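Structure first, then comments.
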Amino acid sequence: MRIGILALQGAYREHAVMLRHLDVETVEVRLPEQLDGLDGLIIPGGESTTMMRLMGIYGLDDAIRAFPAPIFGTCAGMIALDRERLGLIDLSVERNAFGRQVASFEAPIEIEGEEEAFTAVFIRAPWITEAGPGVAILAEVDGHPVLAREGRILVASFHPELTDDTRVHERFLQLVREEQGVRA
């Protein structure tokens, strides 16, 4: 399995460390042709306006829209995938919804299908303000959706790559395996 990580800016290195810990080959993606042959893509946290601007400059916005495999967006990656930007998941988000950098926090969240709470790290995090009928909300904080899936797209408003808990990444890798079975 080869998973690409958008490496324009943001927390891409931390995702690579997490995936290598799970014995997954990673590829840093900076150009559209680097998406070829990948089984999935992670769009990391970072600064969403800068990330979207760089995607446009390098032609990655259209290449990601056309990318057929599963995509996992965390924090700014969730913002990039929403209706208003890349349009790959039927939801709207509020940027910096939990507050500025100084309001960053950790919170235990209950994730659908998991027996134990997951300690989520929120840094200038967005939350989902509206989700279409095909979007499954998988976790909330104080009544605000923070983890969701629609088809081959998984999004989180938090940073699972900043923990030692691999369960959210494992969930994405399971989605990749399921999609590989569909495409085979």
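Descriptive notes on the structure:
- Verdict on Arg30 being touching a Phe, Trp or Tyr at 6+ places or on another chain (Cβ under 8 Å), over 24 Å from Glu150 (Cβ atoms) and at pLDDT 95 or above: yes
- Selection from the range 64-88 of residues that are of a type outside the set (A, V, I, L, M, F, W, C), open to solvent by 10 Å² or more (accessible area, probe 1.4 Å) and under 14 Å from Gly40 (Cα atoms): Arg65, Pro68
- Every test in (1) open to solvent by less than 50 Å² (accessible area, probe 1.4 Å); (2) within 18 Å of Val17 (Cα to Cα) is passed by Glu179 save one, and that test is (2).
- Test: residue in the range 17-33 that is under 24 Å from Arg177 (Cα atoms), touching a residue at least 60 places away in the same chain (Cβ under 8 Å) and charged (D, E, K, R): no
- Taking the range 101-136 as the range and being assigned to a strand (DSSP E or B) and either open to solvent by less than 40 Å² (accessible area, probe 1.4 Å) or more than 21 Å from Arg152 (Cα to Cα) (or both) as the test, the residues that pass are Phe105, Glu106, Ala107, Pro108, Ile109, Phe118, Thr119, Ala120, Val121, Phe122, Ile128.
- For the range 151-170, the tally of residues that are in contact (Cβ under 8 Å) with a residue 60 or more places away in the chain, open to solvent by 50 Å² or more (accessible area, probe 1.4 Å) and of a type outside the set (A, V, I, L, M, F, W, C) stands at 2.
- Residue selected from the range 149-184 under the condition of a type in the set (S, T, N, Q) and outside any helix (DSSP H, G or I), by the criterion farthest from Phe72 (Cα to Cα): Thr163
Condition check ((1) among the charged types (D, E, K, R); (2) at pLDDT below 95) across all residues:
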| position | (1), (2) |
| --- | --- |
| Leu81 | no, no |
| Glu84 | yes, no |
| Arg95 | yes, yes |
| Ser104 | no, yes |
| Glu110 | yes, no |
| Ala117 | no, no |
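- Residues that are small (Gly, Ala, Ser), touching a residue at least 24 places away in the same chain (Cβ under 8 Å) and out of contact with any strand residue (DSSP E or B) (no Cβ under 8 Å at 6 or more places or on another chain) within the range 48-104 comprise Ser48, Gly59, Ala63, Gly99, listed in sequence order.
The values are calculated or read from the model by the stated rules, or taken from the named source; none is laboratory data. Everything numeric in this text was worked out from a predicted model, so none of it was measured. Cβ: placed from backbone, ideal geometry, glycine included. Neighbour counts: every protein chain shown. Ligands, DNA and RNA are stripped out before the accessible areas are found, and what is left, the full protein with its side chains, is counted by its heavy atoms. Shrake-Rupley method; radii C 1.70, N 1.55, O 1.52, S 1.80 Å.
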